[in-house]
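Heads up: the structure comes next, in structure tokens.
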């Protein structure tokens, strides 16, 4: 594996793993009020397009990173919906 | 400009623009308690590495998108620090 691919994989690893602390924080606090739902919706569509782009340019780091990131941003978005609804119910 | 570059630019546009609603929400509410600082720190380092990767593979969408995203994630991170400190002071 060449040096450039290693940088790409490392970059992809970080921009994917980066969402994990946010996901854990949501699971721990069940609070998502300060998070922008619009952000997670736009990011998910964008990450999906990066995945398509990665397939076209045949870049393994771009494909792998964005496939994993998509799972995380969609999960965070769904938890945001879940906890926003629960908050509305308890009010 | 070929079709693949257009997809890449569109993807990069979305994963960059995606952070704008979060930034506006922070400016409006001055509340960042639910945001994970670790997320924005890891994402910023990751996006910086994507920028380096983009320069190596000479991909204009990867370079442009990540340069702009880096500005946004760093700004959100700094606002998170700012408003966390203010909250601590007023407590």
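Each reported figure results from applying straightforward, stated rules to the coordinates on display, with no laboratory input. All values reported here derive from a predicted model rather than from experimental measurement. A quick note on method: Cβ atoms are made from the backbone with ideal geometry, for glycine too, and the neighbour counts reach across all protein chains shown.
Among the numbered conditions (1) without any contact (Cβ under 8 Å) to a residue 12 or more places away in the chain; (2) surrounded by 16 or more Cβ atoms within 10 Å (Cβ to Cβ), the only one that residue B:2 does not meet is (2). Scanning the stretch A:26-46 for residues that are farther than 25 Å from residue A:62 by Cβ and surrounded by fewer than 21 Cβ atoms within 10 Å (Cβ to Cβ) returns A:26, A:27, A:28, A:29, A:30, A:31, A:33, A:34, A:37. In this structure, does residue B:62 turn out to be in contact with a helix residue (DSSP H, G or I) (Cβ under 6 Å, 6 or more places away or on another chain) and surrounded by fewer than 16 Cβ atoms within 10 Å (Cβ to Cβ)? Here the answer is no, as residue B:62 does not meet what is asked.
For chain A, which helices (runs of 4 or more DSSP H) that fit wholly inside it have 1 or more residues that are more than 10 Å from every other protein chain (Cβ to nearest Cβ), under 28 Å from residue B:6 (Cα atoms) and out of contact with any strand residue (DSSP E or B) (no Cβ under 9 Å at 6 or more places or on another chain)?
Working: elements: A:3-17, A:19-29, A:37-57, A:60-90.
It comes to A:60-90.
Considering (1) under 13 Å from the mean Cα position of the chain (by Cα); (2) closer than 20 Å to residue A:55 by Cβ, the lone condition that residue B:71 does not fulfil carries the number (2).
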